[in-house]
Amino acid sequence: MREVSVLWVDDEWSEVPSASEELPQAKAALELALVELGLKVRINCRKDGDIWNDLTDETRVDLLILDYELTKHSPGHNAFDLLNKLSALRSMPPVILFTHYARHQLKEVEHVRAKRRIHAVFFKDKRGIKDLVECAASLLGSTPIGLVVMSDLHVGYLDETRGISQHRFLESLYDSLDTVVKNCKVNGLICCGDFAWKQQAPELVQSYKMIQGITGKLGLKTQDEIFFCPGNHDITFSSSNGPSWSSFGEFVGLLAGPYRDIEKRFEHSSKPMGGRQRFHDQASLFSVLHNERLGIVVVGLNSNRPTGNGVQVDPFVDEGQWCALSEALSRYPKELLRIAILHHPVFSAPGGVHEDEQALADQGKALQILTGAGVRLVFHGHAHFSAVHSHRIAIVNSPESLNGSGGGKAADLLTVACPSLVANPSSASPHRQYLVVQLGGADPDTGARSFALHSMVFNPGKCSWDYGEAILPGQFFVGPFN
């Protein structure tokens, strides 16, 4: 059993009972969670900021939990001083900085966070204890992650085909999600594009309502638990104005609501305008989202290059997005799991529908850039086909091996083809489906995670969802960033 040492600094830790019951409850919950992960935990609770010796002597500290408001109680050893000292260390423990303040009030410590020294920030609220436990467990024990993965929602398709009604279909879908959450923990929702069918403006509004219903059933309450990218059916096209991402911008604005957390993931490449996000070209829909509680960073790529012929696009990721991906991921700690999502397949695969078998242009370049940036897991849609593909790239006589600084490089990339939730299921897997993916905690020695999934398959005769085929743990692994 691996032993971990936690140093928890908060002025409310004292010899007398704390006025707040939050800390003892949080400590007990944290100890239990770490024990369940197979860890032997030792938590050292301190009431002041005079902890510098604990961070520089032989005592091992695997995690520092630090009260942002320490400044009021321990002049000279406050949180700012500690963070500045931590940022100068060659090797420092991960830090959870927790506070009563709002996110925008933490700008004073951004200079430290920018150096990738603080892995997580915890905000005290009604979910405080749960968030702290999840965050600490992800940093120390690398908690398992559960993801519901959907693609090709195609709102509007069912109304056009006049089969089962959209309303009845959604009722059955929501019932199936109730079953999913009873049987496994779900930490996030991934949607790989094609929210609309043919009428983008009204259908994307309906898609927003559908996403709200799905996240409600899954118990997902924060915007960093939703990961998505656009599909070719999400482009608005008119003969007079050509292709436009305006309706998709409205869709993003609806998801963001009165908050801007969702919009911020696009901020490096797009422009806010009048309460919605203005996407002016293909590359402006590139996104990056770091979920600190789960220990993952998700990159969303826009693989839809308009051709001027409606929803017919070239499956292509431009150079600007590839550069943005490499630059963005270089800012995060290597131990974070890196995931990429896009609409089109990275590699050609059997089972697509007509032209949807087409994969990205320049697949070798995609593989090299993704693995070079540490991406180990890719989700895509578009082919209306369900499958898992494992790819390994080994660099023979790399610069590192030739100059003696390291051995040959090898990296594994796992790509998951997500089936169609609604429209035109593939002839190879002819069912409306969605996936439930479960990633095991990272191995403490190798960093690899086990990968498993099961499918939920729509039964049109009963208008219900049944468990389909599964991929059990042990067949595939999601490797670490080498």
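The values are calculated or read from the model by the stated rules, or taken from the named source; none is laboratory data. Keep in mind that this is a model prediction, so the values were computed, not measured. A quick note on method: Cβ atoms are made from the backbone with ideal geometry, for glycine too, and the neighbour counts reach across all protein chains shown.
So which residues in region 138-151 are of a type in the set (Gly, Ala, Ser) and under 15 Å from residue 95 (Cβ atoms), if there are any at all?
Within region 138-151, the first condition is being of a type in the set (Gly, Ala, Ser), and the residues that meet it are 138, 141-142, 146, 151.
Scanning region 138-151 gives a single hit, 138.
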Considering only region 289-309, I want to know if a residue exists there that is within 16 Å of residue 193 (Cβ to Cβ) and in a helix (DSSP H, G or I).
no
Criterion violated by residue 204 - all others in (1) assigned to a helix (DSSP H, G or I); (2) at pLDDT below 95 satisfied:
(2)
Pick out the one residue from 248, 228 that is buried (at least 20 other Cβ atoms within 10 Å of the Cβ) and modelled with pLDDT under 95.
248
Pair list, Cβ < 7 Å and 6+ apart or interchain, from region 209-224 residues that are assigned to a helix (DSSP H, G or I) to residues that are among the charged types (D, E, K, R):
217/178; 223/261; 224/261
Output the number of residues of region 173-222 satisfying the condition of being aliphatic (A, V, I, L, M) and under 19 Å from residue 304 (Cα atoms).
4
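Which ones in region 178-206 are within 11 Å of residue 150 (Cβ to Cβ) and crowded, with 23+ Cβ neighbours inside 10 Å?
From region 178-206, those within 11 Å of residue 150 (Cβ to Cβ) are 189-195; that's our starting set.
If the condition is that a residue be within 11 Å of residue 150 (Cβ to Cβ) and crowded, with 23+ Cβ neighbours inside 10 Å, then 190, 191, 192, 193, 194, 195 are the ones that fit.
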Applying the selection to region 448-479, what residues are more than 29 Å from residue 413 (Cα to Cα), out of contact with any strand residue (DSSP E or B) (no Cβ under 6 Å at 6 or more places or on another chain) and assigned to a strand (DSSP E or B)?
464
I'd like to know if region 451-474 contains one or more residues that are under 18 Å from residue 297 (Cα atoms) and either of a type in the set (Gly, Ala, Ser) or surrounded by 14 or more Cβ atoms within 10 Å (Cβ to Cβ) (or both).
yes
Applying the selection to region 171-195, what residues are within 25 Å of residue 251 (Cα to Cα) and either outside any helix (DSSP H, G or I) or of a type in the set (A, V, I, L, M) (or both)?
173, 177, 186, 187, 188, 189, 190, 191, 192, 193, 194, 195
